[in-house]
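Report on one structure; see the data block that follows.
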Amino acid sequence: MNELFNMNGYEFYVWGSVVCFVCVVLLDMVSLKTKKKQAERKIKAMHKRAKR
């Protein structure tokens, strides 16, 4: 188990890369969720205008 965290001096680079990857994935998920909400609002507004 110790080898998992202590990677022959490369743990900073390996775990730093893992943290960066997780941050990018989380940011992507938040961005997609925001874009989805914007698209849903836009579609809802278009439907309201079409009903008039």
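Each value in this text was obtained by applying a stated rule to the coordinates, not by laboratory testing. Values in this document were obtained by computation on a predicted structure and should not be read as measured data. Because the Cβ atoms are built from the backbone with ideal geometry, glycine has one as well, and the counts that use them run over all protein chains shown.
Under 6 Å between Cβ atoms, which residue pairs at least 6 apart in sequence (or on different chains) link something in the range 1-30 that is without any contact (Cβ under 8 Å) to a residue 60 or more places away in the chain with a partner that is in a helix (DSSP H, G or I)?
M7/V14
Checking the structure you have, find out if any residue of the range 3-16 is among the acidic types (D, E), out of contact with any His (no Cβ under 7 Å at 6 or more places or on another chain) and exposed (fewer than 10 other Cβ atoms within 10 Å of the Cβ).
Checked against the condition, which is being among the acidic types (D, E), out of contact with any His (no Cβ under 7 Å at 6 or more places or on another chain) and exposed (fewer than 10 other Cβ atoms within 10 Å of the Cβ), the range 3-16 yields at least one hit.
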